[in-house]
Amino acid sequence: MRKLSLAALLLACGGKPPIAMTPHKASSTDAESMFAPLDVGADFASYHKVSTEPFLSKTHGGRFVEVYVNDVGLKAYMSAAPFPVGSVVVKMSWEPKDGKPSDVAGPLFVMRKEVADYAPEHDDWYYAIRWETPPPEQLRLLGGPIYWRGRSQKVGYCQKCHDNYDRSMGGVPTGKRAWEAK
Ligand code: HEC
């Protein structure tokens, strides 16, 4: 009885059955917007750290970041060479506090060079942002931990900006590049 009235309530909402209120595209898109354990880049602790210390990234929420590149992508990252398929770049971040990095972890940002035709209009890069422990305020805004990636339309803003850069790479600012440090 109780179940029935709940269903009636839902169906009555807006005068349309709930199914019409939640248009879904390809289910793979949805899956890649759902929180899950870190997939691409999960082994980043074994990568090469290409930044000397956390630096302020205005384009990534005014957070402090450090950059890690795997073996496959290292040479290209340090030069102007094209990135081989399988290159992975991971950016860790920390929330700022008084102009310095705090010990509160921000999102993890990931890029991986995919095979040709994965996303030709975006230089065939895969993008991901994963934030397991957003502080209370962001948690409210985001509705929970996030892991937007791959075909999810939620990484469209990453592509939009990164498409402007040479080989889609923003790079580490001069003075913070580990490979140029003495
Ligand atoms: C408004 C522009 C902008 C947006 C939006 C943006 N980025 Fe970036 N990204 C940059 C710039 C500039 C750099 C290099 C300097 C820095 O880190 O601040 C960078 C650096 C990176 C790096 C390190 C590799 C590199 O490019 O040198 C990764 C990984 C990355 N971004 C991933 C992402 C992901 C994932 C998103 C979306 C969730 C995103 N970015 C959104 C501009 C942007």
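The values are calculated or read from the model by the stated rules, or taken from the named source; none is laboratory data. The structure presented is a predicted model; accordingly, all values stated were derived computationally and were not measured. Reconstructed Cβ throughout: ideal geometry from the backbone, glycine too, with neighbour counts over all protein chains shown.
Here are some notes:
- Strands (runs of 3 or more DSSP E) contained entirely in segment 98-138, each with at least 1 residues that are without any contact (Cβ under 8 Å) to a residue 40 or more places away in the chain: 100-105, 125-131
- Residue match in segment 67-84 (condition: β-branched (Val, Ile, Thr), in contact with a Lys or Arg (Cβ under 7 Å, 6 or more places away or on another chain) and not in a strand (DSSP E or B)): no
- Residue within segment 68-89 that is over 28 Å from GLN153 (Cβ atoms), without any contact (Cβ under 8 Å) to a residue 12 or more places away in the chain and small (Gly, Ala, Ser) present: yes
- Residue within segment 50-69 that is exposed (fewer than 10 other Cβ atoms within 10 Å of the Cβ) and either modelled with pLDDT of 50 or more or more than 30 Å from LYS176 (Cβ to Cβ) (or both) present: yes
- Any hit, segment 173-180, residues being assigned to a loop (DSSP other than H, G, I, E, B), more than 9 Å from the ligand (Cβ to nearest atom), at pLDDT below 95 and over 12 Å from the mean Cα position of the chain (by Cα): no
- Answer residue from segment 85-97, given it is of a type in the set (Gly, Ala, Ser) and not in a strand (DSSP E or B) and is surrounded by the most Cβ atoms within 10 Å (Cβ to Cβ) among those: SER87
- For the condition away from the ligand (no atom under 13 Å from the Cβ), at pLDDT below 50 and polar (S, T, N, Q), SER46 does not qualify.
- Within segment 146-166, the set of residues being touching a residue at least 60 places away in the same chain (Cβ under 8 Å), part of a helix (DSSP H, G or I) and near the ligand (Cβ under 9 Å from one of its atoms) comprises LYS154, CYS161.
- Inside segment 120-133, residues that are under 19 Å from ASP39 (Cβ atoms) and away from the ligand (no atom under 13 Å from the Cβ) make up a count of 3.
- Options ARG177, ARG167, ARG130: the member that is buried (at least 19 other Cβ atoms within 10 Å of the Cβ) and of a type in the set (D, E, K, R): ARG130
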